[in-house]
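To keep things clear, I will list the structure first and then write my remarks on it.
The values are calculated or read from the model by the stated rules, or taken from the named source; none is laboratory data. From a predicted model like this one, the values you see are computed outputs, not experimental measurements. Counting neighbours? That spans all protein chains shown, and the Cβs are built from the backbone with ideal geometry, glycine included. With ligands, DNA and RNA removed, areas are computed over all heavy atoms of the protein, side chains included. Shrake-Rupley method; radii C 1.70, N 1.55, O 1.52, S 1.80 Å.
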Amino acid sequence: MGQPQQPDQAEAEAGATGSGNPPLRVGMVGYAFMGAAHSQGWRTVGRVFDLPRSPVMAAICGRDEAAVRAAADRHGWATAESDWRALIARDDIDLVDICTPGDSHAEIALAALAAGKHVLCEKPLANSVEEAEAMAVAAEEAYARGQLAMVGFNYRRLPATALARSMVAEGRLGSLRHVRVTYLQDWLMDPEFPLTWRLRKELAGSGALGDLGAHIIDLAQYLVGERLTGVSALTETFVKERPLPGGPTSGLSAVSATGAGQVTVDDAALFTGRFPSGALASFEATRYATGRKNSLRIELNGSHGSIAFDLERLNELAYHDGTEPAAHAGFRRILVTEPEHPYLDAWWPPGHGLGYEHTFVHQARDLVHAIAEGRQPEPSFADGLQVQRVLAAVEESAEKNSVYTPIAV
Ligand code: SOE
């Protein structure tokens, strides 16, 4: 189902970077929220950053032919496909970007790696540890062939969180004692909200835990620079049945006499964890925090200082330098918009600020550089597997009434 090439695609295919390197031809599977966000990233990255290879938005794929063609026009993809297997078989695709629900991540990623493609896969990596293990093994084998694979934990790619990582790595906080992370949404407050794919275990793998908890597990481990050793957890499903959505309901588990479908995932997860260095961590992921729309907050407390980040103020980082004399010490706000700050040298003058969507531009930038340099991108599929193991330990602990559960290595 080809389309006439976009002008900038032709330029990109001529190697417009001037590097002489071939363009990087991207094929994306999925066109909902993440498909739109990733499209923004691919559309923008080459116009802001000097890249060693020019990304070309070669094809977008989705099952509904009319809808995916409309998505191709809206988001700027050169061609539209209705079968991901056909997309992967194309020899004019170098990188497959997986933006589908978790139940298809493994199948698509394994096929794409086997077909010689690089892969970017949305988070969480998979719906189970077993799937994630197979993906990590395939990615390691593909790496030996020069193929690279990354998982899309995009909140690492905010200037403020990247700055926080560098401050922790530089030792500005000293020895970490506490890591406190919450990711709060409230889009499920209405019990009449239908039983969509995110509420069905066979499609989503888990609920708030995998959707939001995966982000804060990865972000905490990224900022600390260590991996959790074990967790104690509680999970809850507050609304256990919901109206069926329109459309096909095949494969639905128990449907009640009232025509409602059973919710088979968690609505909220609370868990604590330990890091090898001794720091204690607390995590909260919920879709029932009334009034909180997409509220991700993290605070790290160390022997020499603290930092705090709030996604609702994502151009800022709060920093308390514990080495300052008490008389004039206190949390101060770092406005993370200076050219010295991560990613900012390519954007606007100080004080103009970035947004949520720019995490996907930065994700694309970092992946293009890793591919051009033949370097393992971060987070790798191995990193995604480790997050999957933490998710599994949370579920295991919650099933055992919060008993402390080590993270399998
Ligand atoms: C959930 O609503 C969600 O879309 C997550 O799936 C995304 O990963 C997060 O960035 C925004 O919220």
Can you tell which of ILE88, ILE98 is within 16 Å of the ligand (Cβ to nearest atom) and in contact with a strand residue (DSSP E or B) (Cβ under 8 Å, 6 or more places away or on another chain)? ILE98
From the options GLY62, GLY41, residue that is crowded, with 23+ Cβ neighbours inside 10 Å, at pLDDT 95 or above and within 16 Å of the ligand (Cβ to nearest atom): GLY41
Kindly indicate whether ALA346 is in contact (Cβ under 8 Å) with a residue 12 or more places away in the chain, in contact with a Ser or Thr (Cβ under 8 Å, 6 or more places away or on another chain), open to solvent by less than 60 Å² (accessible area, probe 1.4 Å) and not assigned by TED's automatic domain parsing to the domain that holds LEU120. no
Is it true that some residue in the stretch 153-170 is touching a Phe, Trp or Tyr at 6+ places or on another chain (Cβ under 9 Å), open to solvent by 40 Å² or more (accessible area, probe 1.4 Å) and at pLDDT 95 or above? yes
For the subset of the stretch 207-217 comprising residues that are in contact with a strand residue (DSSP E or B) (Cβ under 7 Å, 6 or more places away or on another chain) and of a type outside the set (A, V, I, L, M, F, W, C), which member is farthest from the ligand (Cβ to nearest atom)? GLY213
Being within 12 Å of the ligand (Cβ to nearest atom), touching a residue at least 40 places away in the same chain (Cβ under 8 Å) and not assigned by TED's automatic domain parsing to the domain that holds LEU24 is true for just one of ALA220, ALA204, ALA162. Which residue is that? ALA204
Looking only at the stretch 283-325, how many residues end up being small (Gly, Ala, Ser) and exposed (fewer than 15 other Cβ atoms within 10 Å of the Cβ)? 2
Taking the condition of being within 13 Å of the ligand (Cβ to nearest atom), assigned to a strand (DSSP E or B) and in contact with a Ser or Thr (Cβ under 6 Å, 6 or more places away or on another chain), how many residues in the stretch 180-201 meet it? 1
